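Below is one structure; the comments refer to it alone.
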Amino acid sequence: MFPFFQACRSTQTNFLVRAGKSRRVQKSEEEIKYELAQARAWPSQANRALEVPARHGHPRRWTHLQLAFGQMTLLPPRNEPRASKEPLTVWVIRVWEEQARDAEEPLEWLRLPSVPTTTLEQAWERVDWYRHRWLVEDYHQCLKSGCRIEERQLQTVDGLMRRLGSVVPSGRALAAGACGGSAGPPAPSSGGD
């Protein structure tokens, strides 16, 4: 993941990713911690209600999410030859549920945006951006399975562009149908997803 962050920075491309594992961070000149532990030490800066959709046999429910955010300096992985040895400063947003009801596992998400996140409004905006991920994934799945774009094995950019021009409207229609025709994104998933 570290080479990805560096590639985005070098091409001035922004990102918003889910932290799937805890990375080493430099807290001070002499202290190294792990990002999840450091983010969990931050106090809640705000909260808001969220409807959690029905999933995997669990009914739809409402909850209150806590939010904390700040900057961290990620240290490069020790055993990644493609990564530079320079640390990388990123923004970190942690969203969590203090206590789930009815034996549900409490929700917790750690997101890393490349864009500055200095206000509560910006932090909640980044959380909402990530919610669109599911719509984008459904759309790509429709292109792959419904439109069978991968089976085409196109050899040229021109051929790919012509083919995308014909299947993109179909993929959009399939994705809209998969979302029940709603324009809004579904709520974020639970756990680390």
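Among 57, 70, which is surrounded by 13 or more Cβ atoms within 10 Å (Cβ to Cβ) and over 30 Å from residue 166 (Cβ atoms)?
Values: 57 fails: surrounded by 13 or more Cβ atoms within 10 Å (Cβ to Cβ).
Going through 57, 70 in turn, just one is surrounded by 13 or more Cβ atoms within 10 Å (Cβ to Cβ) and over 30 Å from residue 166 (Cβ atoms): 70.
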For the stretch 83-94, check the following and say yes or no: at least one residue is of a type in the set (Val, Ile, Thr), under 18 Å from residue 121 (Cβ atoms), in the same structural domain as residue 120 (by TED's automatic domain parsing) and within 21 Å of the chain's Cα centre (by Cα).
yes
Name every residue in the stretch 42-54 that is without any contact (Cβ under 8 Å) to a residue 24 or more places away in the chain and closer than 15 Å to residue 98 by Cβ, in order of residue number.
47, 49
Listed residues 134, 124, 129; which is modelled with pLDDT under 70, among the hydrophobic types (A, V, I, L, M, F, W, C) and under 30 Å from residue 45 (Cβ atoms)?
134
It is to be established whether one or more residues within the stretch 82-90 are out of contact with any Cys (no Cβ under 7 Å at 6 or more places or on another chain), among the polar types (S, T, N, Q), at pLDDT below 75 and exposed (fewer than 15 other Cβ atoms within 10 Å of the Cβ).
yes
With the requirement that a residue be in contact (Cβ under 8 Å) with a residue 40 or more places away in the chain and not in a loop (DSSP other than H, G, I, E, B), what does the stretch 107-126 give you?
108, 109, 110, 111, 112, 113, 120, 123, 124, 126
Give the residue, chosen from 54, 19, that is more than 18 Å from the chain's Cα centre (by Cα), modelled with pLDDT under 85 and assigned by TED's automatic domain parsing to the domain that holds residue 84.
54
Which number in (1) in contact with a Gly (Cβ under 9 Å, 6 or more places away or on another chain); (2) closer than 20 Å to residue 12 by Cβ; (3) not β-branched (Val, Ile, Thr) marks the one condition that residue 113 misses?
(1)
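The values are calculated or read from the model by the stated rules, or taken from the named source; none is laboratory data. Only a predicted model underlies this, so the values are computations on that prediction, with no experimental measurement involved. Because the Cβ atoms are built from the backbone with ideal geometry, glycine has one as well, and the counts that use them run over all protein chains shown.
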